[in-house]
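I have placed the structure first, in the form of structure tokens, so that the comments after it can refer back to it.
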Amino acid sequence: MEEENITPAYMDLAAIKFCLSLPEFKNNNELRSKLMDGIRKGDMAPYYKEVCQEFDWPLDNGLLKQMADANMKRIQELDQEHDKNFIDEEDQVSGIWQAKLDYLCSIGDQQAATTLAETKFNDKTVPKSHRIDAVFTLFRIAYFHGCNIKLMNSVIEKAADLIETSGGDWSARNKLKAYEGIWSLAIRDFNKAANLFVDVVPTFESYELASFGTIIRYTVYACMIALPRSELKKKLLHHGVMAQALNSEYKDLKEYFLSLYEGRYAEFFVCLAKVETDMKHDPLLHAHYRHYNQAMRLRAYKQILQAYRSLSLEYMAKSFGVTVDYIESEVARFAAAGRLQCKIDSVAGAVVTSHYTHSKSECQTEAPEATLLRGTLYQSAVKKGDILLNRLKKLTRIIDF
């Protein structure tokens with residue numbers, strides 16, 4: 001079994017391998033050396049073949065044989081230990097096959113690890129707690145080998161069903177939250193991921209899946225895009241373990257949150273650029289980095305505009321540390337898409353917010369978010385109503401009443 005509170009070193013290799021698949025790192029010798037050092041250190045013969053095949057690297061047959069021999073020797077030792085203890089305590093035997101499963105994962109043998117994990121999961125004679133461990137291992141295999149979302153989804157469903165039907169203990173349910181949070185990020189369900197991660201951070205114990213730092217980072221990213229402003233500070237800076245982590249070790253993430261919360265938009269854009277780069281190089285988040293960046297820029301624009309009836313483009317550009325042309329283009333694009341309730345007065349060089357067109361009493365009793373949402377819903381209803389009327393007119397032409 002893996003050492004407690006330490007994420008296995010081989011898990012880091014998935015991110016390095018993914019970066020090497022990106023155009024900007026295609027011929028990066030430093031990353032290639034890191035990947036090969038990790039492969040040699042772990043005697044990862046199956047993973048070495050997979051990497052060489054994917055990147056069309058020349059295969060060192062001598063190195064491959066050396067690592068394969070080490071793999072075979074260790075697997076034989078585990079098999080012999082299993083046979084020797086077969087008549088002993090069930091937990092001891094289970095511990096041996098789990099050690100073998102962990103070893104197969106550590107050398108990147110996807111096929112053999114998957115076969116063993118599925119066999120133990122489907123074996124009704126295996127204790128349910130060990131079947132839960134087996135299904136979590138299937139998730140890690142899918143996560144490590146290319147973030148296979150389809151397989152991750154299938155495994156999460158199996159894990160949730162097994163834990164519910166078997167009355168899984170607190171530890172299993174707690175682990176499920178971490179695994180489900182990772183899966184939620186993979187399918188861009190930031191709201192679900194935020195709630196799951198906020199719950200799991202204080203009692204996080206799924207170090208075999210990801211490091212505590214990775215979970216903290218994912219928690220901040222998910223909360224920033226999913227939670228309303230009124231909940232952000234409570235969840236991030238008034239939340240025990242989370243607050244302690246942000247105030248000590250992860251101050252860059254704290255600055256990312258506070259720069260938006262305090263309206264320091266130029267600093268926020270700098271932080272957001274770093275977040276975008278990080279997401280781009282993360283195999284789990286890469287598919288969502290453009291969407292995330294756009295959504296966070298939109299959130300910042302909404303926040304600054306909610307406080308004003310009108311705002312000069314020059315002031316807005318200065319606040320965000322960008323040019324007037326850039327901010328005008330951004331606001332115009334979001335407004336045209338109906339995602340910002342405002343219009344641009346080109347003559348005055350200002351942005352006029354639409355939610356101030358309501359009566360004075362409405363503005364006093366409703367939050368800006370409510371009026372913005374109502375305006376969007378109103379426009380959508382009018383548009384759909386027009387479409388329906390046009391279809392009815394066409395229908396009356398061909399139906400003889």
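Structure summary
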| read-out | value |
| --- | --- |
| Of all residues making up the range 43-54, the number that are without any contact (Cβ under 8 Å) to a residue 40 or more places away in the chain and touching a Ser or Thr at 6+ places or on another chain (Cβ under 8 Å) | 1 |
| Selection within the range 28-79 - among the polar types (S, T, N, Q) and either surrounded by fewer than 16 Cβ atoms within 10 Å (Cβ to Cβ) or under 29 Å from the mean Cα position of the chain (by Cα) (or both) | 28, 29, 33, 53, 61, 66, 76 |
| Output for the range 203-236, where each listed residue is over 16 Å from residue 177 (Cβ atoms), assigned to a helix (DSSP H, G or I) and either open to solvent by 50 Å² or more (accessible area, probe 1.4 Å) or in contact (Cβ under 8 Å) with a residue 24 or more places away in the chain (or both) | 213, 217, 220, 221, 224, 225, 229, 230, 231, 232, 233, 234 |
| Members of the range 158-197 that are open to solvent by 30 Å² or more (accessible area, probe 1.4 Å) and touching a Phe, Trp or Tyr at 6+ places or on another chain (Cβ under 6 Å) | none |
| Those residues of the range 124-157 which are open to solvent by 50 Å² or more (accessible area, probe 1.4 Å) and without any contact (Cβ under 8 Å) to a residue 12 or more places away in the chain, in sequence order | 124, 125, 148, 150, 157 |
| Considering residues of the range 4-19 that are more than 19 Å from residue 47 (Cα to Cα) and not hydrophobic (A, V, I, L, M, F, W, C) only, the residue most open to solvent (accessible area, probe 1.4 Å) | 4 |
| The range 163-175 - residue that is in contact (Cβ under 8 Å) with a residue 40 or more places away in the chain and of a type outside the set (D, E, K, R) and, of those, nearest to residue 142 (Cα to Cα) | 172 |
| Checklist (1) surrounded by 19 or more Cβ atoms within 10 Å (Cβ to Cβ); (2) among the β-branched types (Val, Ile, Thr); (3) touching a Ser or Thr at 6+ places or on another chain (Cβ under 7 Å) applied to residue 331, failing item | (3) |
| Unique match (being closer than 30 Å to residue 319 by Cα, of a type in the set (A, V, I, L, M, F, W, C) and under 18 Å from the mean Cα position of the chain (by Cα)) among 269, 257, 204 | 257 |
| Flag if residue 301 is buried (at least 16 other Cβ atoms within 10 Å of the Cβ), within 29 Å of residue 381 (Cα to Cα) and touching a residue at least 60 places away in the same chain (Cβ under 8 Å) | no |
| Selection within the range 248-289 - open to solvent by less than 40 Å² (accessible area, probe 1.4 Å), farther than 23 Å from residue 146 by Cα and part of a helix (DSSP H, G or I) | 253, 256, 257, 258, 259, 260, 265, 266, 268, 269, 271, 272 |
| Qualifying residue in the range 20-27 (condition: open to solvent by 100 Å² or more (accessible area, probe 1.4 Å), without any contact (Cβ under 8 Å) to a residue 40 or more places away in the chain and in a helix (DSSP H, G or I)) | yes |
| Hey, residue 84 surrounded by fewer than 16 Cβ atoms within 10 Å (Cβ to Cβ), modelled with pLDDT of 95 or more and farther than 18 Å from residue 10 by Cβ or not | no |
| Residue ID - nearest to residue 304 (Cα to Cα), chosen from residues in the range 238-257 that are in contact (Cβ under 8 Å) with a residue 12 or more places away in the chain and aliphatic (A, V, I, L, M) | 253 |
| Residue match in the range 98-116 (condition: within 29 Å of residue 219 (Cα to Cα) and touching a Ser or Thr at 6+ places or on another chain (Cβ under 7 Å)) | yes |
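The values are calculated or read from the model by the stated rules, or taken from the named source; none is laboratory data. Computed from a predicted model, the values in this text were never measured in an experiment. FYI the Cβ positions are ideal-geometry reconstructions off the backbone, even for glycines, and counts take in every protein chain you see. The accessibility values were calculated without ligands, DNA or RNA, using every heavy atom of the protein model including side chains. Shrake-Rupley method; radii C 1.70, N 1.55, O 1.52, S 1.80 Å.
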